[in-house]
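Step one of this worksheet: look at the structure below.
Computed from the coordinates by the stated procedures, all read-outs in this text should not be read as laboratory data. Keep in mind that what you see is a predicted model, and the values were worked out from it rather than measured. Don't worry about glycine lacking a Cβ; one is built from the backbone with ideal geometry, like all the others, and counts go over all protein chains shown.
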Amino acid sequence: MIGLCMGLAGVVWAQVPTPAFTLAWDHTIEKIRWEEDYRVTPEGLLLLGARVKGSGAGMEIPDGAELREGSWHYQRQLPPLQPLRVGRTPEAGDYHLCFDQRCHAMSEWLGPPQAAQPALDLWSCEFDSPAPPVSDGQDAR
């Protein structure tokens, strides 16, 4: 079974058995929500589309974006990302991982963002069993 691994430098901290997800966060200055939709493939994370509620400091609406239901929707043509690296610090707040019609703070798996660990990698990975263990975020790193 393919799913999502979270960790750093190839070390798995948590696994999520999902074939697709939305990565969501609030811009640190403007407090505007961003969302990116991904499909998990053997080659990596395939960006399907993205949306943002508005523009602001360092947040230009991409060319070709369409305003629908209060958000600017757009697509970027990128090869599968393997891994996708994101910054994760206490000052910026946490990311949300949305799948199966629910959103979860990444802290549910990884504990709160820490200044000593300011980056996180997301990548596609194979699980050996149909029900992989999910970290409770309390492990030592």
The answer for the net charge of residues other than Leu67 whose Cβ lies under 14 angstrom from its Cβ, with Lys and Arg +1 and Asp and Glu -1, is 0
In nanometres, the difference between 0.36 nm per residue of separation and the alpha-carbon distance of Thr41 and Glu69 is 7.2 nm
Per the helix-only model, the chain has a calculated mean residue ellipticity at 222 nm (DSSP H runs of ≥4, -39500 (n - 2.57) each, divided over all residues, rounded to the nearest 500) of -500 deg cm²/dmol
Per the Kirkwood formula over distinct C-alpha pairs, the hydrodynamic radius of the chain in angstrom is 15.8 Å
In nm², the average projected area of the convex hull spanned by the Cα atoms of segment 1-80 is 6.5 nm²
Semi-axes in Å, largest first, for segment 60-105 (Cα gyration tensor, √(5λ)) are 23, 17, 14
For Leu81, Leu23, ascending order of other Cβ atoms within 10 Å (fewest first) is Leu81, Leu23
Computed from the beta carbon distance with a Förster radius of 22 Å, FRET efficiency for Met1 and Cys103 to the nearest 0.05 stands at 0.50
Share of Cα-Cα pairs in segment 42-125 beyond 22 Å, whole percent, is 41 percent
Length gained, Ala92-Gln117, 0.36 nm per residue minus C-alpha separation, equals 7.7 nm
Least to most buried among Phe21, Phe127, by other C-beta atoms within 10 Å and fewest first, runs Phe127, Phe21
